Structures are given as C-alpha cells and as structure tokens.
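Working notes, beginning with the structure itself.
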Amino acid sequence: PRSRCPQCGVGVPQGAGVTPISCSWGMAVNVYSTSVTSENLSRHDMLAWVNDSLQLNYTKIEQLCSGAAYCQFMDMLFPGCVHLRKVKFQAKLEHEYIHNFKVLQAAFKKMGVDKIIAVERLVKGKFQDNFEFIQWFKKFFDANYDGKEYNPLLARQGQDVAPPPNPGDHIYNKSKKPIGTAGNVRGP
C-alpha cells in the first residue's frame with residue numbers, strides 16, 4: 001500500500017521509513033533504511049536492477065564504487081539535478097570516483113536528500129559498504145521514481161560506461177614470490 005506526500009502527491013510506501021520533505025520543485029522523499037524497514041534484494045537482483053535500468057554491464061556490486069551509476073539514477077529521478085557531462089563514466093582511479101561522489105553529494109543537497117555518503121569507504125570498492133549503500137539507494141529510488149520513461153544511453157550522450165576494474169585486483173597481481181625471497185641467490 002502507498003500513501004501520498006501531502007505536499008506534492010508523490011506515492012510513498014506506507015510503513016517503509018519514508019519521510020516526505022519540501023516538494024516544491026520535485027524535492028526528494030527521504031528514506032531511512034534499517035534491516036527491518038523492508039525486504040532487501042540479493043546482490044544478483046540488485047545488479048540486474050542497476051544494469052537493466054541504466055543499460056550497464058556491471059558484474060559485481062563493488063563496481064558501483066565509481067559513483068557514476070548513482071549520478072545517473074539521480075538524473076533519472078530528478079531530471080536536471082545532475083550535470084551528466086560532469087560525471088566521469090570512464091572513471092578508473094580513486095580520485096575520479098571521489099569526483100563523481102562530489103557530483104552526487106551536490107545533487108543530494110540540491111534535492112534535499114538527508115543522507116550522508118561515506119565516500120572514503122565507498123571508493124575503496126569493498127563489497128559490504130557498496131552493498132549497503134545500493135540497498136539504501138534502491139529504497140530511495142522506489143520512494144521517488146514516478147515511472148517516467150528514461151533513455152540512459154541518450155542521457156549519457158553516447159558516453160560509454162566502463163565498469164571500474166574489479167576492486168582489489170591490484171592486490172592479487174603482485175609478484176607470486178614468497179615474502180623474503182626477493183634477491184636471495186642460492187649457491188651450488
């Protein structure tokens with residue numbers, strides 16, 4: 001069952017920890033998520049939702065660490081609140097991810113979203129941090145999406161989206177030599 005925001009009429013899930021805020025210019029409906037708020041999707045279902053909605057090819061939750069998908073979701077929810085030209089869809093480095101999250105934070109502020117983004121944790125590409133944020137974001141999306149058509153490819157103006165490299169790969173691509181053996185030469 002859904003109730004309506006008293007200010008703008010946006011549908012709001014009842015009992016889902018949702019609080020309507022000033023909606024004079026399509027302001028956001030805030031969502032306060034706890035484990036008992038509502039059911040969460042699995043990691044596979046969450047990735048399918050992201051990929052289907054934005055026509056992406058992410059294979060891991062950790063790849064959301066670039067922040068680009070969230071910026072585009074905000075454009076989908078609130079057209080014009082994010083300048084997609086500023087989003088680095090090809091981001092591969094941590095400072096580029098941070099840039100994208102700054103763009104997202106500006107959009108949150110503009111739309112009155114009451115959510116602190118743990119940028120320094122998300123950009124590290126760890127599963128748990130990114131999974132918790134996408135779970136919250138999906139609830140936020142559901143509370144704010146009005147069902148209007150959105151063409152993600154057109155919105156990106158042909159910019160390809162390169163999923164960030166698998167976070168943590170740099171750890172495993174080190175030399176396979178056991179510690180303490182570098183430079184040791186065995187005599188005959």
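In table form, for the structure just shown:
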{"quantity": "Test result for residue 137, aromatic (Phe, Trp, Tyr) and touching a Gly at 6+ places or on another chain (Cβ under 9 Å)", "calculated": "no"}
{"quantity": "Qualifying residue in segment 167-182 (condition: modelled with pLDDT under 95 and surrounded by 11 or more Cβ atoms within 10 Å (Cβ to Cβ))", "calculated": "yes"}
{"quantity": "Among residues of segment 99-114, those that are modelled with pLDDT of 95 or more and over 17 Å from residue 72 (Cβ atoms), counted", "calculated": "2"}
{"quantity": "Failed criterion for residue 148 (all others in (1) surrounded by fewer than 20 Cβ atoms within 10 Å (Cβ to Cβ); (2) part of a helix (DSSP H, G or I) hold)", "calculated": "(2)"}
{"quantity": "Unmet requirement for residue 66, which otherwise passes all of (1) buried (at least 24 other Cβ atoms within 10 Å of the Cβ); (2) under 16 Å from residue 153 (Cα atoms); (3) polar (S, T, N, Q)", "calculated": "(2)"}
{"quantity": "Where residue 87 falls short, out of the listed (1) surrounded by fewer than 18 Cβ atoms within 10 Å (Cβ to Cβ); (2) of a type in the set (Val, Ile, Thr); (3) more than 23 Å from residue 31 (Cα to Cα)", "calculated": "(1)"}
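The values are calculated or read from the model by the stated rules, or taken from the named source; none is laboratory data. Being a predicted model, the structure only gives us computed values, none of them experimental. Note that each Cβ is placed from the backbone with ideal geometry, even for glycine, and that neighbours are counted across all protein chains shown.
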